[in-house]
4 protein chains.
Amino acid sequence: MFVHSLSLDAASQIVDEALRQGRSRNFQPLTVVVLDAAGVVKALKRDDGASLMRPEICIGKAWGALALGFGGRELARRAEKMPGFMNAASDLAGGRMVPVAGGVLVKDDKGVIVGAVGITGDTSDNDEICAVEAIKAAGFTPDTGA
Amino acid sequence: MFVHSLSLDAASQIVDEALRQGRSRNFQPLTVVVLDAAGVVKALKRDDGASLMRPEICIGKAWGALALGFGGRELARRAEKMPGFMNAASDLAGGRMVPVAGGVLVKDDKGVIVGAVGITGDTSDNDEICAVEAIKAAGFTPDTGA
Amino acid sequence: MFVHSLSLDAASQIVDEALRQGRSRNFQPLTVVVLDAAGVVKALKRDDGASLMRPEICIGKAWGALALGFGGRELARRAEKMPGFMNAASDLAGGRMVPVAGGVLVKDDKGVIVGAVGITGDTSDNDEICAVEAIKAAGFTPDTGA
Amino acid sequence: MFVHSLSLDAASQIVDEALRQGRSRNFQPLTVVVLDAAGVVKALKRDDGASLMRPEICIGKAWGALALGFGGRELARRAEKMPGFMNAASDLAGGRMVPVAGGVLVKDDKGVIVGAVGITGDTSDNDEICAVEAIKAAGFTPDTGA
């Protein structure tokens, strides 16, 4: 079985493009992570002025998406409809599951999940915009769970 | 990049003034912590009669504010509007995020966050009053998230 | 049953005197905590320039002493002779047991344990000197486990 | 009190130069992190082929150095001389303290700690070489704890 997973080059490109998107839109300072298909960090950058827990939050957004296999918006919907489930999943994940927009799956041209992007710093909607644009710019397909 | 952070002298002054405020107003016994910009304790005092978990609670109020970059009232609002997010953030923080009033950011005259104060013991509103007064008395600007 | 435990006044006096001792001896920046007889923080100060994990370490020294009922030097001896026991105790304590000198029990004139002091920053021997002097200056009897 | 901390630009430069050093020396795939003075990730990259736990390990090397205030070689010496202390410190840190070479403090021209670099992937000695070269290339002074 071959697994298609993001290279460091692709991950670095996504991180830098997402930060550039946030700055050009005058968003709050962003923290951006790209995880590979195994859920492990390939690249992470935290912009100057971002607060202390931002790395954990963006990793939690991306990891939560990979962990359950759908984007952050679907996680948010389930957290609202089934809070008991999502609280339990959060505990089970040791906290690494943050059910809001801004966790976006990265898919290749066959629809295979090759990683995930997590962004935090501005509103969840704005975080997500940067993730979507950066994933597209790198030639992949974003899945927000919308 | 230079970061302005609270000195021990400033932190000690804030802790003592907050305890004095609480006593002069006949509040319940307070526990007061001042964290520096790195989220690490500079000074903490727990008044006689305060119960066992007060140090963790006041640290959680101050650390949560620094972790996300806004005061405890905004954390409380988000906990109400997005309980799934705040539960996840609390898990992620190992519990060190207590989303109620009484966690107050300390800003310098340029608006830079230089630390945070957390107080617990009386009502959250009263805890916050003592934090605000003590931060002002030390020449800094409080940000409650209101 | 009456339990004799340190007041905040006594704890504050010990913390300030220990910091003064360290500064007057040109020791590295110290972090000093005083726990009451229940093992809960009464007062903690971390001097300017102290590194990030110092609060946890000084609390671990003081709490470990209270947890087993003897000073840090005895904890260190047991860690050397019975490493399996002390590793297990550390796990059991969630890490809050640091078996080295610098964790000193505070006893009243009847020999009753009324709290503990933990200091970190310089060598363990120097940390302990400051704890011992500060406890004596406050009118209590130090027990280092020597 | 002003604290000098690494910018994202400086952190990114260090991460990229360290990866370049490793590749040019034919080292095993490296994972490199730069933490700011608060111990929080500014930038992290994990090269293609690096194994799963590499992010945690490099963060543990860098964080351990900042937590105690000296480089990884000094942590390693203490782990050898005082295994009880270092095991306890590791527990206390929730595992985020990896006492080997490859965790290097970053100091400015006044000797102030402004962050730390952690590298893992090849031997600890080789990891450290890449950290030292990258810190120098960015205009800072490395402190390995040697």
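The values are calculated or read from the model by the stated rules, or taken from the named source; none is laboratory data. Because the structure is predicted, anything quoted here is derived from the model rather than measured. Cβ placement follows ideal geometry from the backbone for every residue including glycine, while neighbour counts extend to all protein chains displayed.
In table form, for the structure just shown:
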{"item": "Residue within the range B:57-69 that is modelled with pLDDT under 95 and among the aromatic types (Phe, Trp, Tyr) present", "result": "no"}
{"item": "Single match in A:Gly102, A:Gly95, A:Gly118 (criterion: in contact with a Ser or Thr (Cβ under 6 Å, 6 or more places away or on another chain) and under 15 Å from B:Ala89 (Cβ atoms))", "result": "A:Gly102"}
{"item": "Filter result (without any contact (Cβ under 8 Å) to a residue 24 or more places away in the chain and part of a strand (DSSP E or B)) within the range B:1-20", "result": "B:Phe2"}
{"item": "Enumeration of residues in the range B:42-54 that are under 16 Å from the mean Cα position of the chain (by Cα) and either over 19 Å from C:Gln13 (Cβ atoms) or more than 8 Å from every other protein chain (Cβ to nearest Cβ) (or both)", "result": "B:Met53, B:Arg54"}
{"item": "Cβ pairs under 6 Å, 6+ apart, first in the range C:128-146 and touching a residue at least 12 places away in the same chain (Cβ under 8 Å), second in a helix (DSSP H, G or I) and charged (D, E, K, R)", "result": "C:Ala134/C:Glu17; C:Ala137/C:Glu17; C:Thr144/C:Arg73; C:Thr144/C:Glu128; C:Gly145/C:Arg73; C:Gly145/C:Glu74; C:Ala146/C:Arg73"}
{"item": "In the range B:41-62, residue farthest from B:Arg96 (Cα to Cα) [restricted to those that are in contact with a helix residue (DSSP H, G or I) (Cβ under 7 Å, 6 or more places away or on another chain) and surrounded by fewer than 24 Cβ atoms within 10 Å (Cβ to Cβ)]", "result": "B:Asp48"}
{"item": "Filter result for D:Leu66 (surrounded by 24 or more Cβ atoms within 10 Å (Cβ to Cβ) and either among the β-branched types (Val, Ile, Thr) or closer than 26 Å to B:His4 by Cβ (or both))", "result": "yes"}
{"item": "Within the range C:21-38, tally of residues that are in a loop (DSSP other than H, G, I, E, B) and without any contact (Cβ under 8 Å) to a residue 40 or more places away in the chain", "result": "2"}
{"item": "Only listed residue being in contact with a strand residue (DSSP E or B) (Cβ under 9 Å, 6 or more places away or on another chain), surrounded by fewer than 24 Cβ atoms within 10 Å (Cβ to Cβ) and either farther than 28 Å from B:Asp36 by Cβ or not charged (D, E, K, R) (or both), chosen from D:Ser90, D:Ser7", "result": "D:Ser7"}
{"item": "Looking only at the range D:107-117, and only at residues there that are within 13 Å of D:Gly145 (Cβ to Cβ) and crowded, with 24+ Cβ neighbours inside 10 Å, the one that is nearest to the other protein chains (Cβ to nearest Cβ)", "result": "D:Ala116"}
{"item": "Filtered residue count, the range B:89-110, keeping only those that are farther than 22 Å from B:Ala11 by Cα and out of contact with any Leu (no Cβ under 9 Å at 6 or more places or on another chain)", "result": "6"}
{"item": "Residue satisfying condition, being small (Gly, Ala, Ser) and in contact with a Lys or Arg (Cβ under 9 Å, 6 or more places away or on another chain), within set A:Ala38, A:Ala43, A:Ala79, A:Ala93", "result": "A:Ala43"}
{"item": "Top-ranked residue in the range B:72-106 [being in contact with a Pro (Cβ under 8 Å, 6 or more places away or on another chain) and closer than 20 Å to B:Cys130 by Cβ; ranked as nearest to the other protein chains (Cβ to nearest Cβ)]", "result": "B:Leu105"}
{"item": "Residue identified as in contact with a helix residue (DSSP H, G or I) (Cβ under 7 Å, 6 or more places away or on another chain) and either at negative phi or away from chain C (no Cβ under 14 Å) (or both) among D:Ala38, D:Ala65, D:Ala11", "result": "D:Ala65"}
{"item": "Failed criterion for D:Val114 (all others in (1) free of Cβ contacts under 8 Å to residues at least 60 places away in the same chain; (2) among the aliphatic types (A, V, I, L, M); (3) closer than 24 Å to D:Ser12 by Cβ hold)", "result": "(1)"}
